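Chemist: I'd like to ask some things about the structure below.
The values are calculated or read from the model by the stated rules, or taken from the named source; none is laboratory data. Fair warning: this is a prediction, and the values are worked out from it, not measured in the lab. Note that each Cβ is placed from the backbone with ideal geometry, even for glycine, and that neighbours are counted across all protein chains shown. Side chains included, ligands, DNA and RNA excluded: accessible areas come from the protein's heavy atoms. Shrake-Rupley method; radii C 1.70, N 1.55, O 1.52, S 1.80 Å.
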Amino acid sequence: MQDKTFLMIPGPTPVPESVLLAMAKHPIGHRSTEFSAILKEVYADLKWLFQTKNHVFIYAASGTGAMEGALSNLVNAGDKVLSCIIGNFGARWANIAQSRGAIVEKLEVELGQVINPEDLKAKLAQDTNHEIKIVTLTHSETSTGAKNDVKTLCQIIKEHGAISVVDGVTSVAAMDVKMDEWGIDVLVSGSQKGFMLPPGLSFLAASERAWKVFEQCKYPSFYFDWAAHKKAVEGDTTPWTPPVNLIVALQTALNIMKKEGLENIYARHERLAIGLRKAVRALGLKLFVEKDENASFSITSILPPEGISVPDIRSTFKKDFDIVVANGQKSLKDKIFRMGTLGYVSDRDLLTAVSSLEAVLKKLNYKFETGAGVKAAMEHLFATK
C-alpha cells in the first residue's frame, strides 16, 4: 500500500507528523532575529538532552561528521589514541584518528560483545608514561546492538588522565547518557536516530577538560572548529549557513521530548527493546547480543533460523508488510538482521512488528508456535506499563 512504509532500522527512524510539518514551512533567514530566537531555545534544550552544562554544537552533517568534528579538534600528528572497538562504528573512530596522523592502539572484542572494564584498566595500566591522550568509545554499537557501560569506562579513562570521546549516535535521546555526571569529555550524536528527525544534523558537546586539549590542537578543523561554534552559540547564531528547516523541525522534536520527559523516553525505549527480545526468544530465534545487560535499547540484532536467509526475511518484510528491517554490515552482512526500536516508536509499532515477523517466518516455512512472539511482547508491555 502506498505511503505506508515503516522504518524499523537504526536510522533513519520514523518522524512525527508535527515535525514533518514544521520542516515543510517556508525557510526563514538564518541571520534573522526570528531564527536566533529559535536557536536560543534549541541550544538550551540540547543541553537538557545531553545532560550537560556545556555548549552543544549543531553541525550540518551526519553523525560521522560530528565524529570527525571531535577528533579533528583534538588530535595532533603523533598523538596516541586508544580506540575501544565493539563493532563497525567503534572501528570508525580508529580510522578517523589515523587520518589525523594519530598513533592508534586498539582494544577490540568479538562482535556482539562489549568492553570489559577490567580489560580497559589493564590496557591503560600498560601506558605507564601516560602517553595515551584520547580514548574513543561507542555507547550503543549500531552494527551489532551491543551496549558499553560508558559510565564505568569513562571513570577509568578519567582516572588515567586521558580524554574520553563517546559515540552516542544511537543512544542520546533514547538511552540514559549523563554527560557531566558520568565524566564524558566529548559526546556526539545524529538527528536521524532518537531525535526523530531526517538525516542532516549532528551534535557535539565538549567538557572543560576537552577544551584544554583543543587549545593545544595545532591544525583544528575549519568547518567543525569548536571556537567558531562556541562563539556562534553564545550569540544565538551559527558560524556557517545552517539547514534552517531541519533546525526548525528540531525545535518541534525537542518540545515533544520535553513533554514526554527524559525518564519516560528512556523507559519507553527500554521496555520496547526488552519486549522485542522476549518475543524473539519466544519464537525460538537467537539474539546476536545474548545478555540483556549488554544489549542496546535502540537496535536489536537477530540471527536468522537455519535454512532461511536474511535477504529473504528482509524482502518478505518489505513486500508483504512494507516494513524495512536492516541487514548486518560488513562481516555480518546476511548473517543477522537488525530491528530498530528507536525514536518515534510506540507499543503499537512493536506489536505490529512482532506480528509481522511471525507472518514473515510462517511464509518462509519456519516452524514455531503461532502467536508465541506476540504473546511474549504483550505480556511484557502489560507488565511494564
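Chemist: Pull up the range 68-91, narrow it to residues that are part of a helix (DSSP H, G or I) and in contact (Cβ under 8 Å) with a residue 40 or more places away in the chain, then point me to the one that is surrounded by the fewest Cβ atoms within 10 Å (Cβ to Cβ).
Modeler: Within the range 68-91, the match that is surrounded by the fewest Cβ atoms within 10 Å (Cβ to Cβ) is Asn88.
Chemist: Still on this structure: Looking at Glu110, is it open to solvent by 30 Å² or more (accessible area, probe 1.4 Å) and at pLDDT 95 or above?
Modeler: yes
Chemist: Follow-up. Of all residues being under 26 Å from Asp149 (Cβ atoms) and acidic (Asp, Glu) in the range 183-228, which is nearest to the chain's Cα centre (by Cα)? Just the residue, please.
Modeler: Asp185
Chemist: Next question. Please verify whether Glu369 is closer than 26 Å to Glu260 by Cα, of a type outside the set (Lys, Arg), open to solvent by 40 Å² or more (accessible area, probe 1.4 Å) and at pLDDT 95 or above, treating the condition exactly as stated.
Modeler: Against the criterion (closer than 26 Å to Glu260 by Cα, of a type outside the set (Lys, Arg), open to solvent by 40 Å² or more (accessible area, probe 1.4 Å) and at pLDDT 95 or above), Glu369 does not qualify.
Chemist: Does Ser99 satisfy the condition of being closer than 30 Å to Ala125 by Cα and open to solvent by 10 Å² or more (accessible area, probe 1.4 Å)?
Modeler: Answer is yes for this residue.
Chemist: Out of (1) under 27 Å from Gln192 (Cβ atoms); (2) open to solvent by 40 Å² or more (accessible area, probe 1.4 Å); (3) in a helix (DSSP H, G or I), the odd one out for Lys375 is which?
Modeler: (1)
Yes/no per residue for (1) out of contact with any Ser or Thr (no Cβ under 6 Å at 6 or more places or on another chain); (2) part of a helix (DSSP H, G or I); (3) at pLDDT 95 or above; (4) farther than 15 Å from Thr237 by Cβ:
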position	(1), (2), (3), (4)
Leu21	yes, yes, yes, yes
Arg31	yes, no, yes, no
Glu34	yes, yes, yes, no
Tyr43	yes, yes, yes, no
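Chemist: Which residues, taken from the range 160-174, are on the phi < 0 side of the Ramachandran plot and either open to solvent by 10 Å² or more (accessible area, probe 1.4 Å) or of a type in the set (Asp, Glu) (or both)?
Modeler: Within the range 160-174, His160, Asp167, Val169 qualify.
Chemist: Step by step: first the residues of the range 372-385, then only those that are modelled with pLDDT of 95 or more and in contact with a helix residue (DSSP H, G or I) (Cβ under 6 Å, 6 or more places away or on another chain), then the one that is farthest from Ser298 (Cα to Cα). Which residue is that?
Modeler: It comes out as Ala372.
Chemist: Let me ask another. Taking only the range 30-46 into account, find how many residues are in contact (Cβ under 8 Å) with a residue 40 or more places away in the chain and either open to solvent by 10 Å² or more (accessible area, probe 1.4 Å) or among the acidic types (Asp, Glu) (or both).
Modeler: Result for the range 30-46: 9.
Chemist: I'd like to check which helices (runs of 4 or more DSSP H) are fully inside the range 232-331 and have at least 1 residues that are among the basic types (Lys, Arg), open to solvent by 10 Å² or more (accessible area, probe 1.4 Å) and in contact with a strand residue (DSSP E or B) (Cβ under 9 Å, 6 or more places away or on another chain).
Modeler: The helices (runs of 4 or more DSSP H) meeting that bar are 262-282, 310-321.
Chemist: Considering only residues of the range 346-366 that are among the aliphatic types (A, V, I, L, M) and open to solvent by 10 Å² or more (accessible area, probe 1.4 Å), which is farthest from the chain's Cα centre (by Cα)?
Modeler: In this case the residue turns out to be Leu364.
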